[in-house]
Amino acid sequence: MITYSESIQINALDYSRVVKYNINEVPFGKVFTDHMFIADYKEGHWQNLRIVPYQKFEMSYAMSALHYGQAIFEGMKAFRQDNGDVVVFRMRDNWARLNRSAVRMAMPEVPEEIFVEGLLQLLKLDKVWVPDSENGSLYIRPFMIATEEAIGVKISSEYQFIIIASPAGVYYSKPIKALIQNTFYRSVKGGIGYVKAAGNYGRSLYPTKLAQDRGYQQILWLDAEKGRYIEEAGTMNVMFVKNGTLITPELTDTLLSGITRDSVLKLARKMGIPTEERRVSVEEILTGIEKGEVTEAFGVGTAATVAHITTIGREEGDLIRDYVLPPVEERKYSHLFDKTLRDIRKGRIPDEFGWLIKVER
Ligand SMILES: Cc1ncc(COP(=O)(O)O)c(C=O)c1O
């Protein structure tokens, strides 16, 4: 068990760069807030906890994360409520998932108080960066990298845990088209698909580019064993509505346990909407679209919340056959989940699940 007994040193700017930007308009992930949180892991424990002005860092070309991929991250959001309060959504779930990633990648776990205090102190300093627009949020990126200066495949003895944040608007301005990917696979049984390890994302870029070149914004990943079952939509979990039931692939070690996925399932159950977490085959969905039984398909994740899928493409020989879903305006469930999540985050309806933590004014 790691013990933590140090307080956070704060080196704060006496001005904010925020005035240089219209934070309701900045492109996703390009502008960072005034400060960042850093903790070092050395000699077997976390130390030197600090909040400093957002900055670049010096590293060795031999730094182990660069060579052997011990790099994990999280993605979460803070919101500005209608009354001006700033709240973070399901922070402890992201902390727990970061530590599941850490265990799988043989990295040290981050104690809850370091994650929570580091994040809340950072948000307290940088809360002017949380947009107040209807779809705006502050995207928060906690991550950990192996920093030992050593070549040789082995577990690093040194790490940094860092939190940076970036104001964000809508992720997808339009509904998306998704292409079924049956040549490349995202993850395998026994692999690292269930954790947020950097390597999972590097490997997805080339197949995603191929799909984008053909006019599809995202990929539907299939299971690598049989190539039959749908697992995720790009970097989102995926959901379908079939005959009024909300269906989503069950959690295995090949897909990420999304916090938005869990939130939508909890909301659906509370609303009395039938839900099924199980294997979902490509054939079931495509036949269901043709028969008019599958009426909605959407991705769910922190960045987009809900991304409506208009069309699912499948390669048939050299051609792609498109399976077109009913118009987005006619969809009942995905809009309902999107709106309910927004209403909770904005403080318009009660937070019955206790998902929000308020940042001190
Ligand atoms: C591969 C993958 N699946 C699903 C998700 C959705 O997870 P969450 O809802 O926690 O953002 C993400 C985003 O974090 C992801 O990267």
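The values are calculated or read from the model by the stated rules, or taken from the named source; none is laboratory data. Computed from a prediction, not measured in an experiment: that's the story for all the values here. Heads up, the Cβs are rebuilt from the backbone with ideal geometry, glycines too, and the neighbour counts pull from every protein chain shown. Side chains included, ligands, DNA and RNA excluded: accessible areas come from the protein's heavy atoms. Shrake-Rupley method; radii C 1.70, N 1.55, O 1.52, S 1.80 Å.
Of all DSSP beta bridges confined to the range 176-346, the antiparallel ones make up roughly 65%.
Show me the ranking of peptides 73-79, 28-34, 107-113 by mean Cβ neighbours inside 10 Å, starting with the highest.
73-79, 107-113, 28-34
For the range 176-346, which whole-number percentage of the solvent-accessible area (1.4 Å probe, protein heavy atoms only) is attributable to carbon and sulfur atoms? Carbon with sulfur: 51 percent of the solvent-accessible area. Built from the Cα atoms of the chain, the convex hull projects on average onto 19.1 nm², one quarter of its surface area. Taken about its Cα centre, the range 9-170 carries a charge dipole of about 320 debye when Lys and Arg each add +1 at the Cβ and Asp and Glu each add -1 at the Cβ. Our compactness index for the range 9-170, the C-alpha radius of gyration over the empirical 2.2 N^0.38 Å, is 1.07. Bridges between two residues of the chain, per DSSP, are antiparallel at a rate of about 80%.
Cα centroid separation, the range 19-70 to the range 188-251: 28 Å.
Shape call for the range 176-346 from the C-alpha gyration tensor, a ≥ b ≥ c root eigenvalues: rounded (a/c under 1.5), prolate (a/b greater than b/c) or oblate?
Here the range 176-346 falls in the oblate category.
Determine the per residue accessible area of the range 176-346 with all protein chains present and a 1.4 angstrom probe, expressed in square angstrom.
Details: 6920 Å² over 171 residues.
Roughly 40 Å² per residue, with all protein chains present.
Does the range 85-151 come out rounded, prolate or oblate by the C-alpha gyration tensor, with a ≥ b ≥ c the root eigenvalues, rounded set by a/c under 1.5 and, if not, prolate when a/b is larger than b/c and oblate if not? Here the range 85-151 falls in the prolate category. Averaging the sequence gap over all C-alpha pairs within less than 8 Å and six or more residues apart, then dividing by the number of residues, gives the chain a relative contact order of 18 percent.
Once C-alpha pairs closer than 8 Å and six or more residues apart are averaged by separation and normalised to the residue number of the range 157-293, the relative contact order reads 23 percent.
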